[in-house]
Amino acid sequence: MERTQVEHVDVSGATVRAGWVVACLMTPMCVRRTDSGRFHIPEAKPVKDNTTGQVMQYNEVLDEMADRILHYQQGKVKKLATSYLRQKGMDLLDDQVATNFDVTPLVEFTGFDQEFLEKLTREFQNLMKCGVDETIQGQKPACRVDFEAFRRTWYEPHSTVRRFFCHEGLLKRIFVVCANDSTHKNDISLQQLGYGLKYFCMQHPTAAEEVAKATQEFVDALTKLMDLESNGHISKLNMYALCDTAIGKDDVYLLCDAVWEVLTGASRSMPIPEFAEHMRQQGKVGLVLRKIFHRLMCLQCMRGGVDKYGAPFSSQAAVVKEILDITKEWRQKKKDGRFFFLDDQLRLFKEAVRSKNEEDMMHLIHKAQAFVDSLRGQDSLKAGHYVKVMFGIKERGNWNFAKEEKERVMHLLEQDKLSESQSERFKNILSVLEAFNSLE
């Protein structure tokens, strides 16, 4: 045996500063093997520890290598070890042979890269009783999986290849997104699974571009996912379900209230065609809304937390932060008692006041009151402040009423004898008055 020392081996950004690459000298009398000193890996499994005599499986050896060499990048050590075995004169072990199949048809059909699809194919193949080529083609019934197998393989907590971390109701809808073949509604092929995962994986090379363009495929996937009751209607509660996978309760209610009101102008549910039309709206707001929902879809496939070495399992925390950053201003306005629909009416109302158009003023006041009447509880009380100020401006005949009211409320807030509920009420009124006074 010869050993060639490697001073620097770079693996996707990780550097192993000292290691041994083994080259086997092949002779007619030599049994092919790899030998990294301590471990002797013959042509057939298992692996023998030359130091202790312990018999170990190949994956156990890799785990020990990870613990000793590169704790925080165990998966990359496995790739490094695999690259050693692929050198000339070394054996590929049984669990590596599966990478020798051709996934080009899947790459062309789904858009994912080859590495992602090879891994997905190996996972899918473990469920099948047919060959790899037949699995990739997915034509035979034996090469398709039903929902129970789908859930058992990629959702159960004990699964070693778990891909979904949402509640089971959403998992069923993800399966529906994948089951896009009308002739096979109760099972899916490997091609369907790969294509269905497009908008649930951040690493897909074209998904973000398709989301920005509001393609029909993205809108269809989102509406299928959010139709949790399968009744053709989508509500704010459906959005809560998406957010609940990864976003904390301190943020989720304000987030859903804000996004849903920007999307619909109210808190009501809507039929799927209307929701789809809102998702296709152009301009900056439409782009931001699609980006938010795309990120929420991706969160369903991201495992939260960190491993035993402190490394995050996924970029879940970064994606949640991105969503909260995008919606920061919207959420703050909702917290302060603002309503985006009513804010949008104020510019028209100011123009009516400026032109002394009594008819337009009353029309807008009635429109605002109808919105208030559609709300319940505290939301109705907070929105009612808009209508009161609008009536005050109409009676005064000029916009100065809003400025004077703001000064009066600020003076009241400076008093020490206010109860907590009074203080909150005056803060809400002050925020509404700020909406009036911010107009030029």
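The values are calculated or read from the model by the stated rules, or taken from the named source; none is laboratory data. Keep in mind it's a predicted model, so treat the numbers as computed, not measured. Cβ atoms come from the backbone with ideal geometry, glycine included; neighbour counts cover every protein chain shown.
Here are the numbers for the structure shown:
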item	result
Residue list for the stretch 158-177, filter: assigned to a helix (DSSP H, G or I), farther than 25 Å from G286 by Cα and within 17 Å of the chain's Cα centre (by Cα)	E168, G169, L171, K172, F175
Top-ranked residue of the stretch 169-204 - restricted to ones that are exposed (fewer than 14 other Cβ atoms within 10 Å of the Cβ) and not polar (S, T, N, Q), ranked as modelled with the lowest pLDDT	K185
Evaluation of C166 against (1) surrounded by 20 or more Cβ atoms within 10 Å (Cβ to Cβ); (2) in contact with a Gly (Cβ under 7 Å, 6 or more places away or on another chain) (one fails), failing number	(2)
Among (1) assigned to a loop (DSSP other than H, G, I, E, B); (2) among the β-branched types (V, I, T); (3) touching a helix residue (DSSP H, G or I) at 6+ places or on another chain (Cβ under 7 Å), the one test that V285 misses	(1)
Selected residue [more than 16 Å from the chain's Cα centre (by Cα), surrounded by 16 or more Cβ atoms within 10 Å (Cβ to Cβ), closer than 27 Å to F175 by Cα and not polar (S, T, N, Q)] from I272, I292	I272
Matching entry among I323, I365 (being out of contact with any Pro (no Cβ under 9 Å at 6 or more places or on another chain), of a type outside the set (F, W, Y) and assigned by TED's automatic domain parsing to the domain that holds Q203)	I323
Check on A246, on the phi > 0 side of the Ramachandran plot, part of a loop (DSSP other than H, G, I, E, B) and of a type in the set (A, V, I, L, M)	no
Which numbered condition N398 fails, given (1) out of contact with any helix residue (DSSP H, G or I) (no Cβ under 6 Å at 6 or more places or on another chain); (2) in a helix (DSSP H, G or I); (3) touching a residue at least 40 places away in the same chain (Cβ under 8 Å)	(2)
